[in-house]
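Throughout, read-outs are computed from the coordinates displayed, never taken from laboratory work. Every value quoted in this text rests on a predicted model; they were computed, and no experiment measured them. FYI the Cβ positions are ideal-geometry reconstructions off the backbone, even for glycines, and counts take in every protein chain you see.
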Amino acid sequence: MKVIAHRGYSGKFPENTMLAFKKAYKAGADEIELDVQLSKDNVPVIIHDEFIDRVADGTGFVRNYTFQELQEFNINKKFGDKHGFNTIPSFEEYLYWAKNKPITTNVELKSGNYYYNELEEKVVEMLRAYEMEKRVMFSSFNHVSLIRCKELIPEIPCGVLTLKEGLGNAGYFASKYHLEYYHPDFRGLTDEVVQNCKDYGIKLNVWTVNDVEGLQKLYDWGCDGVITNYPRLCKNWLNAKEGTETGT
């Protein structure tokens, strides 16, 4: 089971910052999950919310600031002064860092509440420029965005994100539109949903699991990935689990 660092090592460091990504890599994460949307001047930037209020020392929508203006905000609200000044990264900055690292990336397209003009096209163009097509996947709550990605670059796998309520007959839906993964909220996942996905050959990456009890449930279900705020905890647990089961 793959360990996917949710917004980087977000349990201990400011989410969706280069610091959180680097710490997740050092913690042994197999994959980094991050969120991409566009600034006012159409630069792909990494931040979860459509507004900066929750994580930054400022207010307003991401789309109302240029990239340079966004750089003036400190993304460290949750941790105070503990981790210094952290800027909103551009997607390009992340790709430049990740290009030569043995780690994959789950790119969540933030097009659910506000549909950015050509977000998918801009992200795909940048992935091609950095030759990262084989080391990423897409996910989104806006399933139209995923279908658009499949039109643009069908070889990149896509994950159908859902909230706690989930999506009925998710395995069939994903398979019908050639989307390889289902990314449900752990709180709404059931035996029936897991089996439905397996029946249609759809892989499962589940969010957000931060404790051993949840990990054991995903392991027993045979899920493909765990999306977590604490990648070191998950990696250590899985290493111990697999070591025990193989007798090493």
| Going by how many other beta carbons lie within 10 Å of each one, how would you line up S175, S39, S90, S139, fewest first? | S175, S90, S39, S139
| field | Whole-angstrom Cα spans of region 119-183 along principal axes, big to small | value | 37, 18, 18
| Antiparallel DSSP beta bridges within the chain, percent to nearest 5 | 15
| message | Can you give me the C-alpha center-to-center distance between region 72-88 and region 189-240, rounded to a whole angstrom? | response | 31
| field | Cα coordinate range in region 2-46, projected on the principal axes (Å, largest first) | value | 35, 20, 13
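As a footprinting exposure proxy, order R128, R63 by other Cβ within 10 Å, with the fewest listed first. Walk me through the numbers on the way to the answer.
On the way: R128 12, R63 15.
Result, fewest neighbours first: R128, R63.
Which of the residue pairs K40/K78; K2/K78; K110/K241; K78/K101 have a Cα-Cα distance greater than 32 Å in the structure shown? Provide the component values of the computation, followed by the final result.
On the way: K40/K78 25 Å; K2/K78 27 Å; K110/K241 35 Å; K78/K101 28 Å.
Correct reply: K110/K241.
I need the shape label for region 169-235. Rule: rounded when a/c is under 1.5, else prolate if a/b > b/c, else oblate, with a, b, c from the alpha carbon gyration tensor.
On the way: a/c = 2.45, a/b = 1.93, b/c = 1.27.
Here region 169-235 falls in the prolate category.
For the chain, what does the helix formula give at 222 nm: sum of -39500 (n - 2.57) over DSSP H segments with n ≥ 4, over the residue count, nearest 500 deg cm²/dmol?
-9500 deg cm²/dmol, from helical runs alone.
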| Can you list residues whose amide H is under 5 Å from C158's amide H, if they're 5+ apart or on another chain and H is modeled 1.01 Å from N? | F138, E180, Y181
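Per residue, how big is the convex hull around the C-alpha atoms of the chain? Give it to me in cubic angstrom, could you? Write out the running numbers ahead of the final one.
Working: hull volume 31.0 nm³, N = 248.
With only Cα atoms used, the chain gives 125 Å³ per residue.
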